[in-house]
Amino acid sequence: MAQQTYTVTGMTCEHCVRSVTEEVGAIDGVTDVAVDLPTGEVVVTSDQELGADEMRAAVEEAGYQLTA
């Protein structure tokens, strides 16, 4: 199992959290997504380490920006 932490900007409400959780959770191998709205921190647990492009694409599909 791998766990990676990212920072996402643009989230302002629980709907935002659900959107990011849903899109990131749809990536193959992802087993858990934990989003902290106040800080924008997104912790992703997966079977293997995710590529930055894959994560960025999922976050952008949800309508937000991956900053770290």
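The values are calculated or read from the model by the stated rules, or taken from the named source; none is laboratory data. What you see is a predicted model; the values in this text were computed from it and never measured. Using ideal geometry, Cβ is built from the backbone for each residue, glycine included, and neighbour counts are taken over all protein chains shown.
Quick notes
- Any hit, the range 43-50, residues being among the small types (Gly, Ala, Ser), in a strand (DSSP E or B) and under 10 Å from the mean Cα position of the chain (by Cα): no
- Members of the range 23-54 that are surrounded by 11 or more Cβ atoms within 10 Å (Cβ to Cβ), of a type in the set (Asp, Glu) and within 17 Å of residue 65 (Cβ to Cβ): 23, 36, 41, 54
- Residues in the range 5-34 that are in a strand (DSSP E or B), within 21 Å of residue 49 (Cα to Cα) and touching a Phe, Trp or Tyr at 6+ places or on another chain (Cβ under 8 Å): 1 in all.
Yes/no matrix, rows are residues, columns are (1) among the acidic types (Asp, Glu); (2) at pLDDT 95 or above:
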{"residue": "14", "(1), (2)": "yes, yes"}
{"residue": "22", "(1), (2)": "yes, yes"}
{"residue": "25", "(1), (2)": "no, yes"}
{"residue": "48", "(1), (2)": "no, no"}
{"residue": "58", "(1), (2)": "no, yes"}
{"residue": "68", "(1), (2)": "no, no"}
